[in-house]
1. Test residue 41 against the criterion of being over 28 Å from residue 132 (Cα atoms) and of a type in the set (D, E, K, R), and give yes or no.
2. Among (1) of a type outside the set (Phe, Trp, Tyr); (2) in a helix (DSSP H, G or I); (3) under 27 Å from residue 150 (Cα atoms); (4) in contact (Cβ under 8 Å) with a residue 12 or more places away in the chain, where does residue 51 come up short?
3. Please tell me if residue 140 is out of contact with any Leu (no Cβ under 7 Å at 6 or more places or on another chain), assigned to a helix (DSSP H, G or I) and closer than 19 Å to residue 66 by Cα.
4. Kindly indicate whether any position in the range 77-84 is more than 16 Å from the chain's Cα centre (by Cα), β-branched (Val, Ile, Thr) and more than 27 Å from residue 144 (Cα to Cα).
5. Tell me, which residue of the range 94-113 that is within 15 Å of the chain's Cα centre (by Cα) and at pLDDT 80 or above is farthest from residue 156 (Cα to Cα)?
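The values are calculated or read from the model by the stated rules, or taken from the named source; none is laboratory data. Source: prediction; values computed, not measured. Virtual Cβ from ideal backbone geometry, glycine too; neighbours counted across all protein chains shown.
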Amino acid sequence: MRAGPSPSTRQLEIIIEKGKNSFIEVGLALREIRDGKLYKENYRTFEEYCQNRWNWRRAYVNRLVAASKVAESLAPVGAKLKNEWRARELTRLNPEDIQPVASEIDLSTATATEVKKMVENLATPSNRKPKAERLESIRALAARGYRDSQIAKELGLSPDRVRELATEGEIKLT
C-alpha cells in the first residue's frame, strides 16, 4: 500500500465529498473506485475503505452504486431522480425494464413510496430480478451476519419472503 491516494482517487473522493447531495455522482465515483480497485492504495478491502474513509457501511454504498446505475439508465429519456430512495425501488427490476416502468410516473415529484407502489403494480415475474440473484444477495448478507429483518430491509422484501427464499435456497439465517 502506498502512503497517499493517487490523483485519480483523490479526484473521485472530491466528487464524493462534494456530492453527498448528489447520489448519482457519488455512486458512480464509488463504483469506479471499487471496480478499479483504487481503494487498495490505502485499504485492503473496499468494505474497509468505505467504513474508514466515509464511515459508510458496504450495504449503503452498494445501494448508492445501484441507484446511480438506475439514474444513469434513465438519463437518455430525461427522467430525473431527486434521491437514492426513489432509484432504489427501481433497482428491483431488470435494467431493460426500468425505463418503461419509470415512464409511468413522474420521478422528479413522486415519493419513494409511490415509486415502490408503481414498481409493485407494473412489475411482472418476467421483469423482476431473477430469484437466483435474490438468493445470492440473501446468501451474501446472511454470511455477513445480517438478520432476516435486516436482509428484508436491504432487499425491499418482507421478512417472511426472506425466510421463505432462505429455506428454498438452503441458506441459514441468524
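1. On the way: over 28 Å from residue 132 (Cα atoms): yes; of a type in the set (D, E, K, R): yes.
In short, yes.
2. Status for residue 51: all satisfied but (4).
3. Values: out of contact with any Leu (no Cβ under 7 Å at 6 or more places or on another chain): yes; assigned to a helix (DSSP H, G or I): yes; closer than 19 Å to residue 66 by Cα: yes.
Yes.
4. yes
5. From the range 94-113, those within 15 Å of the chain's Cα centre (by Cα) are 94-95, 98, 112; that's our starting set.
Filter once more, keeping what is at pLDDT 80 or above: 98, 112.
Details: 98: 16, 112: 12 Å.
Top of the filtered list is 98.
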